[in-house]
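Worksheet: one structure, shown below.
The values are calculated or read from the model by the stated rules, or taken from the named source; none is laboratory data. Values in this document were obtained by computation on a predicted structure and should not be read as measured data. Positions of Cβ are generated from backbone atoms using ideal geometry, with glycine treated the same way; all protein chains shown enter the neighbour counts. These area figures cover heavy atoms from the full protein model, side chains too; ligands, DNA and RNA do not enter into them. Shrake-Rupley method; radii C 1.70, N 1.55, O 1.52, S 1.80 Å.
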Amino acid sequence: MLQRIDLADRVAVERAKRLTVDGFADDTLVRRALERLAEEADAAPAWRARIWKKIPVAAGLGGGSSDAATALRLANGLLAEPLPTERLLRLAAELGSDVPFFLADGPQLGEGDGSELARLDLPQDYWIVLLHSSGEAKPSTAAVYGAFDERHGAAGYEERRRKLLDAVGAVRRPRDLAALPANDLASSPLSAELVRLGAFRADVTGAGPVVYGLFHHRGEARAAARALKGRGRLWITVPAWYG
């Protein structure tokens, strides 16, 4: 399941004489997205993009993917003949399995490699505490999936998929999200700590290392964040429907 949150980078794109990407020296994905868009549209890669980073890098929060999707959407709108949505989604999927999600609105269920999306109707009225624990770094994608394969994580996929769909179909209120299956790629003892501090659900985001806790009220989220002060970087945010 994929859910936007109101912690976001800013990306601006304008016409230019040549392709440049400023503001984030380590970017590769926005540049690649714009190069591929130019190839697909048979156009010159003549844009200036600027990135203002707020999402921590390599945290499991989709920062690079969301930046690439935003750059694609903005640059496509500047073309004399913009690519239709389906072609833009296919191009996004080439860049990363979660990039198409950031071209869509609302929570989505990603299947296959994650790029096959279906809209979900989920509650959006809760608060989120994010914790990036000090000293925790994201393992490589190869290491994450290698560990997943070693513990035979794919076993029983169809049964787990059925349980997930049943649980999603039963969600009516925020607290119903607690019944959704846990992340089977990564886990953290900090999830249990967030629950102890009042979260009705807590888990690792993506492949980590950031851990999230969901809270009914802002006061509860703020109290939990205060209790975790000094443990790492903290954010209090909310779900977001649109990009």
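What to note about this one:
- Identity of the residue in the range 112-137, assigned to a loop (DSSP other than H, G, I, E, B) and closer than 18 Å to Ile236 by Cα, that ends up most open to solvent (accessible area, probe 1.4 Å): Asp125
- Scanning the range 44-55 for residues that are touching a Leu at 6+ places or on another chain (Cβ under 9 Å) and open to solvent by less than 40 Å² (accessible area, probe 1.4 Å) yields a count of 4.
- In the range 16-34, the qualifying residues are those that are free of Cβ contacts under 8 Å to residues at least 40 places away in the same chain and open to solvent by 80 Å² or more (accessible area, probe 1.4 Å), and the one that is farthest from Trp235 (Cα to Cα) is Lys17.
- Any hit, the range 192-214, residues being in contact with a strand residue (DSSP E or B) (Cβ under 7 Å, 6 or more places away or on another chain), in a helix (DSSP H, G or I) and either of a type outside the set (Ser, Thr, Tyr) or touching a residue at least 60 places away in the same chain (Cβ under 8 Å) (or both): yes
- Qualifying residues in the range 196-214 (those that are in contact with a helix residue (DSSP H, G or I) (Cβ under 9 Å, 6 or more places away or on another chain) and of a type in the set (A, V, I, L, M, F, W, C)) - the one nearest to Ala58 (Cα to Cα): Ala207
- Summed over the range 1-15, the residues that are open to solvent by less than 100 Å² (accessible area, probe 1.4 Å) and in a strand (DSSP E or B) give a count of 6.
- Taken together, the residues in the range 169-191 that are open to solvent by 40 Å² or more (accessible area, probe 1.4 Å) and either of a type in the set (Val, Ile, Thr) or assigned to a helix (DSSP H, G or I) (or both) amount to 5.
- Among the residues of the range 199-225, those identified as surrounded by 19 or more Cβ atoms within 10 Å (Cβ to Cβ) and in contact with a Phe, Trp or Tyr (Cβ under 6 Å, 6 or more places away or on another chain) are Ala199, Thr205, Leu214, Phe215, Ala221.
- Checked against (1) open to solvent by less than 60 Å² (accessible area, probe 1.4 Å); (2) assigned to a helix (DSSP H, G or I); (3) farther than 15 Å from Gln124 by Cα, Asp166 passes all but condition (1).
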